[in-house]
1. Working only within segment 202-226, note down all residues that are without any contact (Cβ under 8 Å) to a residue 24 or more places away in the chain and part of a helix (DSSP H, G or I).
2. Quick one: VAL135 ticks every box in (1) out of contact with any Ser or Thr (no Cβ under 7 Å at 6 or more places or on another chain); (2) among the β-branched types (Val, Ile, Thr); (3) surrounded by fewer than 17 Cβ atoms within 10 Å (Cβ to Cβ) bar one, so which box is it?
3. With segment 50-166 as the region, which helices (runs of 4 or more DSSP H) entirely inside it contain at least 1 residues that are farther than 19 Å from THR3 by Cα, more than 20 Å from the chain's Cα centre (by Cα) and in contact (Cβ under 8 Å) with a residue 40 or more places away in the chain?
4. Cβ-Cβ distance below 8 Å, separation of 6 or more or different chains: which pairs start in segment 1-19 with a residue that is closer than 16 Å to MET119 by Cβ and end on one that is open to solvent by 90 Å² or more (accessible area, probe 1.4 Å)?
5. Can you pull out every residue in segment 157-216 that is out of contact with any Ser or Thr (no Cβ under 9 Å at 6 or more places or on another chain) and hydroxyl-bearing (Ser, Thr, Tyr)?
6. Is it the case that some residue within segment 16-39 is closer than 15 Å to ILE83 by Cα and either over 20 Å from the mean Cα position of the chain (by Cα) or among the hydroxyl-bearing types (Ser, Thr, Tyr) (or both)?
7. Over 30 Å from GLY57 (Cα atoms), modelled with pLDDT under 90, open to solvent by 70 Å² or more (accessible area, probe 1.4 Å) and not basic (Lys, Arg) - does that describe any residue in segment 145-155?
8. For THR195, work out the one condition from (1) under 16 Å from THR84 (Cα atoms); (2) without any contact (Cβ under 8 Å) to a residue 60 or more places away in the chain; (3) of a type in the set (Ser, Thr, Tyr); (4) in contact with a Leu (Cβ under 7 Å, 6 or more places away or on another chain) it doesn't fulfil.
Amino acid sequence: VVTMVRVELSKALRRRRTWMLTLAIAAVPVVMVLALKASPPSAASAADGPPFLEQVGRNGLFAALAGLAIVQPVLLSLAAGLITGDAVAGEAQAGTLRYLLVRPVGRSRLLLAKYASGMVMLAALVVVTLVAGLVAGAIVFDLGPLPTLSGTTLTLEAAIARIAASGAYMTLVLSGVVGIGMFLTVRTDSAAGATIGAVVITIMSQILDQIPSLHAIHPYLPTHGW
């Protein structure tokens, strides 16, 4: 399985779309920091924006968290759909699945390798988001001790550890979306269909999770708790 994961990752690194998606996600926190430097938001506008937006100007550490909050709902959902939708359906559509299976490989091993490689790539995108936010925040606003909602203050090292933990948690909750994408990719020969299906389900789940009258189904939604 490890060898198959390594092969899947090397294939992904040779694709232009992988690098384009990475650059797009990395650009989000950088552009956000530059925009906040050029035009600091008012308290009212910051309240309507993503979490931590107002605090970025006070401490560059918040740039990583704000960047993650921005890319989470749509860009990371799109990335999960693109990665998993192409996992099996893309191989079948391109006619390479039969060559992949020339040497007998169990279905469980194949799908486990595809799933694991997808999770590794998403984890890498989360890391890129956090690192880009930290670097941009450090250059423009500087880094310092992080105040918390409970009134305590974290040291720089402890704050970075908490930010890393938030990235690990985001990677964990994306595992459900990856599972949905893997289910769809083995049900169709169309990579585009599997990709769109995974993204639509993820976005619809987020919309339904915001409707109070549907509270009974909220715990069963794949994005509940995001």
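1. Restricting attention to segment 202-226, the residues satisfying the condition of being without any contact (Cβ under 8 Å) to a residue 24 or more places away in the chain are 204-205, 207-221, 224.
MET204, SER205, ILE207, LEU208, PRO212, SER213, LEU214, HIS218, PRO219, TYR220 - these are the residues of segment 202-226 that are without any contact (Cβ under 8 Å) to a residue 24 or more places away in the chain and part of a helix (DSSP H, G or I).
2. (3)
3. Values: elements: 61-71, 77-85, 89-94, 97-100, 107-141.
Fully inside segment 50-166 and qualifying: 89-94, 107-141.
4. VAL1/ARG109; VAL1/LEU112; MET4/ARG109
5. Across segment 157-216, the qualifying residues are SER166, TYR169, THR171, SER175, THR188, SER190, SER213.
6. Yes, that holds for at least one residue.
7. We begin by selecting, within segment 145-155, every residue over 30 Å from GLY57 (Cα atoms); these are none.
No.
8. Tallying (1) under 16 Å from THR84 (Cα atoms); (2) without any contact (Cβ under 8 Å) to a residue 60 or more places away in the chain; (3) of a type in the set (Ser, Thr, Tyr); (4) in contact with a Leu (Cβ under 7 Å, 6 or more places away or on another chain), THR195 fails exactly one: (2).
The values are calculated or read from the model by the stated rules, or taken from the named source; none is laboratory data. In this text, all values refer to a predicted model and were calculated from it rather than measured experimentally. Glycine also receives a Cβ, built like all others from the backbone with ideal geometry; neighbour counts cover every protein chain displayed. Protein only, heavy atoms only, side chains kept; ligands, DNA and RNA dropped before computing areas. Shrake-Rupley method; radii C 1.70, N 1.55, O 1.52, S 1.80 Å.
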